[in-house]
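The structure appears below as structure tokens.
The values are calculated or read from the model by the stated rules, or taken from the named source; none is laboratory data. Computed from a predicted structure; not experimentally measured. Here Cβ is always computed from backbone atoms with ideal geometry, including for glycine, and neighbour counts include all displayed protein chains. The area values use the complete protein model at the heavy-atom level, side chains included, leaving out ligands, DNA and RNA. Shrake-Rupley method; radii C 1.70, N 1.55, O 1.52, S 1.80 Å.
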Amino acid sequence: MKLSLGVGPMGPPGGAMIVDLALYAESLGYDTIWTSEIYGSDCFTPLAWIGANTEKINLGTSIMQISARSPASATMHAVTLDYLSNGRMKLGIGVSGPQVVEGWYGQPYPKPLARTREWIAIFRDIVARQNPVSFDGDHYQLPLDGGTGLGKPLKLILHPMREDIPLYLGAEGPKNVALGAELCDGWIPMFLSPYRMDRLYGESLKRKRPNFDICAPVNVNITDDIQGALNAIKQNVGFYVGGMGAKSFNVHKDHISRMGFEEEANRVQELFMSGRRDEAMAAVPDELCDEISLVGPKERIRERLGAWKDSPVTTLNVGTNNRETLAFMAEELL
């Protein structure tokens, strides 16, 4: 099993914190450092900053929202960063949700699976650089259908460092995961429990590509205060279940429901949307938070690592900015 590091808040202006973390993770043998975007910082700029200060660690987006950039623009970002880093780029993509897609980017959300399939096809064609790229889909057209009529198929001018940049899909629903297994090199889950993987995703992963990497984000907290650590996980889960979506459509709430916590997920959403946020966070089940994280004394974490080792997960994406925790995980798994 490989280890990677997920970088969240960047700390004070200047970027020193994320560079220091990346250098330390690199020295320990971590495979990849991942950066995210929601509606704050973008995911590529921090990776460029980190890549300029490191030598070996891979650089991944977890996740780049496909509505934020056209397929061609995103591919140019990925190819350029791969080129400058000597082949260290991993592009993690995802559809996000209608709240962000339509509210922040002003793009349509319907039919996300079909949109993702088209997006991936264009990305692969541009990177392969076999021919000028043309595409006639329901969601993307190259050249544009309409406009001045002067557009023409083009080929990427920059010769990529590699013929194939690893592509990961961030997904929660079984159909999305199946799409990633079919078309991508890896999967970035969310709120994943190693105890429930086979039931939830066994069918979705049956047709996965060779060497398919399942990179599971896991918050790790070495502490004697187990309840306090679980309460921190509750804040994150509660925000997504209660606030990152509408009452009638919330993919994160649906995911938690499929895991076996439907009644609790409904209660969290109800409390959150009625303005009772503290109660909403408290209503997130301890059992769920414990399954998707690794918290407690080292002995307890060491014991619970067994479930992750026995699961189909191939990379643990450690969520921490604590050096002792990074070193402990490296000792246990690397």
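Counting only heavy atoms of the protein chains, get the accessible area per residue of region 1-126 (1.4 Å probe) and round it to a whole Å² value. Working shown, then result.
Details: 5180 Å² over 126 residues.
Spelled out: the 1.4 Å probe surface of region 1-126, per residue, equals 41 Å².
Taking the Cα centre of region 1-159 as origin and charging only Cβ (+1 Lys, Arg; -1 Asp, Glu), how large is the dipole, in debye to the nearest 20?
Numbers: 12 positive and 13 negative charges, 65 e Å.
So the magnitude is around 320 debye.
So what's the back-of-envelope 222 nm ellipticity for the chain, counting only DSSP H runs of four-plus at -39500 (n - 2.57) apiece and dividing by all residues, rounded to 500? Each step should come with its number before you reach the end.
Details: 14 runs with 145 residues, N = 334.
So the helix-based figure for the chain works out to -13000 deg cm²/dmol.
Between Glu55 and Glu324, 0.36 nm times their residue separation minus their Cα-Cα distance comes to what? Let's see the in-between values first.
On the way: separation 269, 0.36 × 269 = 96.84 nm, distance 2.23 nm.
So the extension gain works out to 94.6 nm.
Leaving ligands and nucleic acids out of the surface, order Arg124, Arg323 by accessible area at 1.4 Å, largest first.
Numbers: Arg124 50, Arg323 120 Å².
Putting Arg124, Arg323 in descending order of accessible area: Arg323, Arg124.
Determine the per residue accessible area of region 270-334 with all protein chains present and a 1.4 angstrom probe, expressed in square angstrom. Before the final figure, lay out the partial values.
Working: 2990 Å² over 65 residues.
Heavy-atom SASA per residue in region 270-334 reads 46 Å².
To the nearest Å, what is the center-to-center distance of region 43-74 and region 230-263, using C-alpha atoms only?
Cα centres, region 43-74 to region 230-263: 27 Å.
Rounded if a/c is under 1.5, else prolate if a/b beats b/c, else oblate: with a ≥ b ≥ c from the C-alpha gyration tensor eigenvalues square-rooted, which is region 104-201?
It comes out oblate by the Cα gyration axes.
Rounded to whole Hz and in sequence order, give me ³J(HN,Hα) for region 19-36 from the Karplus expression 6.51 cos²θ - 1.76 cosθ + 1.60, θ = phi - 60°, writing x for Gly and Pro.
Here the 3J(HN,Hα) series is 5, 4, 4, 5, 5, 5, 4, 4, 5, 8, x, 4, 7, 9, 10, 10, 10, 10 Hz.
Give the residue list of GluC sites (Glu not before Pro) in region 131-193 that are DSSP loop and have at most 16 other beta-carbon atoms within 10 angstrom. Intermediate values should be presented prior to the final figure.
On the way: sites: Glu163, Glu172, Glu182; in loops: Glu163, Glu172.
Of the GluC sites (Glu not before Pro), the ones in loops of region 131-193 whose Cβ has at most 16 other Cβ atoms within 10 Å are Glu163.
Taking the Cα centre of the chain as the origin, how large is its charge dipole in debye, to the nearest 20, when only Lys and Arg (+1) and Asp and Glu (-1) carry charge on their Cβ atoms? Working shown, then result.
Details: 33 positive and 40 negative charges, 166 e Å.
Charge dipole, the chain, about its Cα centre: 800 debye, nearest 20.
Within the accessible area of region 1-128, what % is carbon and sulfur when the probe is 1.4 Å and the other protein chains stay in place?
Details: 3090 of 5220 Å².
Roughly 59 percent, rounded to a whole number.
Search the structure for amide H atoms under 5 Å from the amide H of Asn317, placed 1.01 Å from N in the peptide plane, and list their residues when 5 or more places away or on another chain.
Residues meeting the criterion, in which the H sits 1.01 Å from N, are Ser4, Ala216, Val218.
Under a Cβ-Cβ cut-off of 11 Å, what is the net charge of the residues other than Arg69 that fall near it, where Lys and Arg count +1 and Asp and Glu count -1? Please report the intermediate quantities before stating the final value.
On the way: positive: none; negative: Glu37, Asp42.
Charge balance near Arg69 sits at -2.
At 1.4 Å probe size, with the rest of the protein present, what percent of the exposed accessible area of region 189-328 is carbon and sulfur atoms? Write out the running numbers ahead of the final one.
On the way: 2980 of 6630 Å².
Accessible surface attributable to carbon and sulfur in region 189-328 totals 45 percent.
Using a probe radius of 1.4 Å on heavy atoms only, what accessible surface per residue do you get for region 141-226? Whole Å² is fine. Intermediate results must be reported in sequence, preceding the final value.
Values: 4760 Å² over 86 residues.
Ligands and nucleic acids excluded, the result is 55 Å² per residue.
Near Leu167, within a Cβ-to-Cβ distance under 9 Å, what is the net charge of the other residues, with Lys and Arg +1 and Asp and Glu -1? Don't skip to the end; give the middle numbers.
Values: positive: Lys90, Arg124; negative: Asp164, Asp185.
Residues close to Leu167 contribute a combined charge of 0.
If the only charges are +1 at each Lys and Arg Cβ and -1 at each Asp and Glu Cβ, what is the size of the charge dipole of region 184-334 around the Cα centre, to the nearest 20 debye? Before the final figure, lay out each step's value.
On the way: 19 positive and 23 negative charges, 109 e Å.
So the magnitude is around 520 debye.
Just to confirm the filter: which GluC sites (Glu not before Pro) across region 29-109 are DSSP coil and have at most 14 other Cβ within 10 angstrom of their Cβ? Working shown, then result.
Working: sites: Glu37, Glu55, Glu102; in loops: Glu37, Glu55.
Here the sparse-neighbourhood loop sites are Glu55.
Helix 226-243: angle to the longest alpha-carbon principal axis of the chain, degrees 0 to 90, nearest 10?
It works out to around 40 degrees.
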